[in-house]
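Structure first, then comments.
Every read-out reported here was derived from the displayed coordinates using simple, explicitly stated rules and does not represent laboratory data. What you are looking at is a predicted structure, and each value in this text was computed from that prediction instead of being measured. Note: ideal-geometry Cβ built from the backbone for every residue, glycine included; neighbour counts use all protein chains shown.
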Amino acid sequence: MMKNILCFFTFLFLFACSADANRLDGKEFVWADAPNGAEITIGFERGENGFYGKAAVNRYFGTYKIEGSNIFFEVIGSTMMMGPQELMDAEMKYLQSLSNVKAFKFSNNVLELYMNEQEKMVFELIENMDEN
């Protein structure tokens, strides 16, 4: 158990130096491997600690906090529409995973959100408001 904890903190340390330099503000991403063909996005408000997106069927929003390479999400609200079961399942899986994210890495227009050493979600940049 102690070995796993040590490995995880080593993993987090590897990303600590680059995390602050790679701001997420004003950027929007799409989950590259979303299940069931769902379109799942996440965007980060500029100058705020807010995020938003589409979670397969519903829109969602919340706040986030970055500490080095650690990132924490709190989903505050979402719309409440129903959709096909496979998309609702993908949405539920995503929102549960988002609340378990502990670390991130952003480089080369790719955002990786890590729940642990083995589980991550990979997002690709779709919009950079700094370029508009």
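Hey, which lysines would be in cross-link range of Lys54, C-alpha to C-alpha under 16 Å, not counting anything within fewer than 8 residues on its own chain? Excluding near neighbours in sequence, the set is Lys27, Lys93. Here the relative contact order of region 17-132, from alpha carbon pairs under 8 Å that lie six or more residues apart, stands at 27 percent.
Under the 0.36 nm per residue contour assumption, what length would be gained going from the current alpha-carbon distance of Glu119 and Glu86 to full extension? Working shown, then result.
Values: separation 33, 0.36 × 33 = 11.88 nm, distance 2.11 nm.
Fully extending the segment from Glu119 to Glu86 adds 9.8 nm.
Sequentially through region 96-101, phi angles give Karplus couplings (6.51, -1.76, 1.60; θ = phi - 60°) of 5, 5, 4, 6, 9, 5 Hz, Gly and Pro residues having no value and appearing as x. Once you sort the root eigenvalues of the Cα gyration tensor of region 65-114 as a ≥ b ≥ c, which label holds: rounded (a/c under 1.5), prolate (a/b larger than b/c) or oblate (the other case)? Judged from the Cα gyration tensor, region 65-114 comes out prolate (a/c at least 1.5, a/b above b/c). For Arg46, the amide hydrogen comes within under 5 Å of the amide hydrogens of Gly26, counting only partners 5 or more places away or on other chains and with H modelled in the peptide plane.
Let me make sure I get this right: for region 17-88, a, b and c are the square roots of the gyration tensor eigenvalues over alpha carbons, sorted descending. Under 1.5 in a/c it's rounded, otherwise prolate if a/b > b/c, else oblate. Which is it?
Values: a/c = 2.58, a/b = 1.81, b/c = 1.42.
Note, shape of region 17-88 comes out prolate.
For Lys65, the aspartates and glutamates whose Cα comes closer than 18 Å to its Cα, not counting residues fewer than 8 places off in the same chain, are Asp20, Asp25, Glu28, Glu45, Glu48, Glu74, Glu112.
Here the label points at Lys102 and Glu67, each 7 Å from Cα along the C-beta direction, are separated by 1.3 nm in the simple model.
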